[in-house]
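The values are calculated or read from the model by the stated rules, or taken from the named source; none is laboratory data. Just so it is clear, the structure is predicted and the values come from calculations on it, not from any experiment. Heads up, the Cβs are rebuilt from the backbone with ideal geometry, glycines too, and the neighbour counts pull from every protein chain shown.
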Amino acid sequence: MSEHGLRKRQFGHRARLALSPACELKADAQAHAARAMWNLLHAWWQMMPKEKRTLANADAAIRQARTDIDFLAVLPAQAAQAVLKTYFQAWKNCWDGRAEAPNFKGRFRSVMSVDIPQGRDLNVVRVHRRWGMANIPKVGRVRFRWTKDLPVGRQANKENRITGARLVKDALGWHLAFRIQILEAMPEPHQGPEVGIDVGVIVPIALSDGVTKNHGGWLTPQETSKLLRLEQRAAQRKQHHNPGERTSRRLHHTYDQIAGLRAKAKRRASDWRHQTTTAIAKQYGTVVVEALTITNMVKSARGTVELPGKNVAQKSGLNRSITGEAWGRVVTMLTYKTAQYGGTLHKVPAPNTSRRCSACGFITPGSREDQATFVCKNPDCGWSGNPDHNAARNILHLYRMGLVLIPAAGRAVVRRAKRVKPAAAR
């Protein structure tokens, strides 16, 4: 950020590639070479004494490997250097306690990807409204879907440019993930209203002003039926597969079809979350959410042999529903999108937000007997309404009271406001 009200913003954009069969084979070969390079580096690390585990020695080792091993030569030199830097960064993350120690990458368990560190090597141009073209080292000129304006051509300069990219393959094919840096004006403070947000399973997002953000199934009924048939087919074919035997091509093809449908559902879910959170960030100036500990909420109820759990199947279904809604991802999107549009996001304590009446403020037993309606059992109140909107109103009221969780010394503490707003402000 500069003194002239400008700031640098770095973000990513993922575009789907349209590769020819020959280019796809070249990309696959590079991804397998990158994975093999990682495994060779890990083997070298385990074999070398501690005093010889340096970046210079590792660089010399991978240069020699690219000379001696033919299939490693398909990987561009800069991509090999990116594998080396990523491997050493993985060890730094482990030593700092942010991640586990790196390990070997399996052929079918790891994501196929190749890094392109230099953005100038891409030479991105826009062909027309729907398509762009980029140059991938040792693959060639490829087309990608143009769904976002990129700083290319006359718009590209030292401050606004593509700094690099990464080739990534999933069940839907190859994608190009751009790393973009732009210089933009600092956003003005958002003058929009305040809103509390309650996330749930039946109602994904409920706002304190009575608005509800819903979505249907991520797959159509035909796609759901097809997924069920494929899963049954995979289970039948797996019965004829003995442990230790190589998986048949038919079973692999079935697995690929299942992965394609699940990836399609995941892409639609991500698109819905992006559109929904963008609309909220544009409309509201202050967004308030609960500080949920999701990892504790999705713990298994199986128990132990001595003390078996109760309602294990029901709890497993609830855990899958919570995980499928991706509450943490929604909060992450809201965090950076509210900052992008000049708004703020705050977190408040989660206990009793769904049990407390938003009209009188009391917690009365029996108010949530009916999951579809909240009916306050307080004789002096008797308010009734949607339970999700009731929780969202409570979340917003906690913020107005000053009960905001702020990170301090690695933990969350409650900041209490000096003045409590009147009940009419609710």
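Condition check for Asn390 on (1) touching a residue at least 24 places away in the same chain (Cβ under 8 Å); (2) part of a loop (DSSP other than H, G, I, E, B); (3) over 30 Å from Glu188 (Cα atoms): one failure, at (2).
One residue stands out among those in region 311-343 that are touching a residue at least 60 places away in the same chain (Cβ under 8 Å) and among the polar types (S, T, N, Q): the one that is surrounded by the most Cβ atoms within 10 Å (Cβ to Cβ), which is Thr338.
The condition of being in contact with a Pro (Cβ under 7 Å, 6 or more places away or on another chain), at pLDDT 90 or above and buried (at least 17 other Cβ atoms within 10 Å of the Cβ) holds for His42.
Go through region 125-144 and give me each residue that's touching a Gly at 6+ places or on another chain (Cβ under 8 Å) and under 18 Å from Ala27 (Cα atoms). Once the filter is applied, which keeps residues that are touching a Gly at 6+ places or on another chain (Cβ under 8 Å) and under 18 Å from Ala27 (Cα atoms), region 125-144 yields Arg143, Phe144. Checked against (1) surrounded by 11 or more Cβ atoms within 10 Å (Cβ to Cβ); (2) touching a residue at least 40 places away in the same chain (Cβ under 8 Å), Arg63 passes all but condition (2). Quick check: is even one residue across region 364-377 assigned to a helix (DSSP H, G or I) and either in contact with a Cys (Cβ under 8 Å, 6 or more places away or on another chain) or modelled with pLDDT under 80 (or both)? Looking through region 364-377, none of the residues is assigned to a helix (DSSP H, G or I) and either in contact with a Cys (Cβ under 8 Å, 6 or more places away or on another chain) or modelled with pLDDT under 80 (or both). Does region 283-297 include one or more residues that are in the same structural domain as Val201 (by TED's automatic domain parsing), surrounded by 12 or more Cβ atoms within 10 Å (Cβ to Cβ), of a type in the set (Ser, Thr, Tyr) and in a helix (DSSP H, G or I)? Among the residues of region 283-297, not one is in the same structural domain as Val201 (by TED's automatic domain parsing), surrounded by 12 or more Cβ atoms within 10 Å (Cβ to Cβ), of a type in the set (Ser, Thr, Tyr) and in a helix (DSSP H, G or I), which makes the answer no.
Any idea how many residues of region 67-96 are crowded, with 18+ Cβ neighbours inside 10 Å and without any contact (Cβ under 8 Å) to a residue 12 or more places away in the chain? Number satisfying all stated conditions: 0.
Among the residues of region 97-117, is any in contact (Cβ under 8 Å) with a residue 12 or more places away in the chain, part of a helix (DSSP H, G or I) and under 30 Å from Trp146 (Cβ atoms)? No, region 97-117 has no match at all. Quick check: anything in region 110-117 in contact with a Phe, Trp or Tyr (Cβ under 6 Å, 6 or more places away or on another chain), surrounded by fewer than 18 Cβ atoms within 10 Å (Cβ to Cβ) and either hydroxyl-bearing (Ser, Thr, Tyr) or in the same structural domain as Asn39 (by TED's automatic domain parsing) (or both)? No: zero hits.
Filter region 124-142 down to the residues that are part of a strand (DSSP E or B) and basic (Lys, Arg), then identify the one that is nearest to Arg9 (Cα to Cα). Of everything passing the filter in region 124-142, Arg126 is nearest to Arg9 (Cα to Cα). The residues of region 231-250 that are surrounded by 12 or more Cβ atoms within 10 Å (Cβ to Cβ) and over 27 Å from the mean Cα position of the chain (by Cα), listed by number, are Arg233, Ala234, Arg237, Lys238, His241, Thr247, Ser248.
Counting only residues that are touching a residue at least 24 places away in the same chain (Cβ under 8 Å) and hydrophobic (A, V, I, L, M, F, W, C), which one in region 359-387 is farthest from Gln283 (Cα to Cα)? So the residue we want is Cys381.
Residues that are outside any strand (DSSP E or B), over 30 Å from Asn390 (Cα atoms) and under 27 Å from the mean Cα position of the chain (by Cα) within region 185-221 comprise Met186, Pro187, Leu219, Thr220, Pro221, listed in sequence order.
Any residue in region 143-164 that is touching a Pro at 6+ places or on another chain (Cβ under 6 Å) and assigned to a loop (DSSP other than H, G, I, E, B)? The answer is yes, given that some residue of region 143-164 is touching a Pro at 6+ places or on another chain (Cβ under 6 Å) and assigned to a loop (DSSP other than H, G, I, E, B). Of all residues in region 19-39, those satisfying the criterion of being within 16 Å of Val83 (Cβ to Cβ), buried (at least 18 other Cβ atoms within 10 Å of the Cβ) and of a type in the set (A, V, I, L, M, F, W, C) are Ala27, Ala31, Ala33, Ala34, Ala36, Met37, Trp38. Looking at region 309-327, is at least one residue in contact with a strand residue (DSSP E or B) (Cβ under 9 Å, 6 or more places away or on another chain) and outside any helix (DSSP H, G or I)? Checked region 309-327: at least one residue is in contact with a strand residue (DSSP E or B) (Cβ under 9 Å, 6 or more places away or on another chain) and outside any helix (DSSP H, G or I). If you check Arg356 against the conditions, is it free of Cβ contacts under 8 Å to residues at least 60 places away in the same chain, more than 20 Å from the chain's Cα centre (by Cα) and surrounded by 17 or more Cβ atoms within 10 Å (Cβ to Cβ)? The answer is yes for Arg356.
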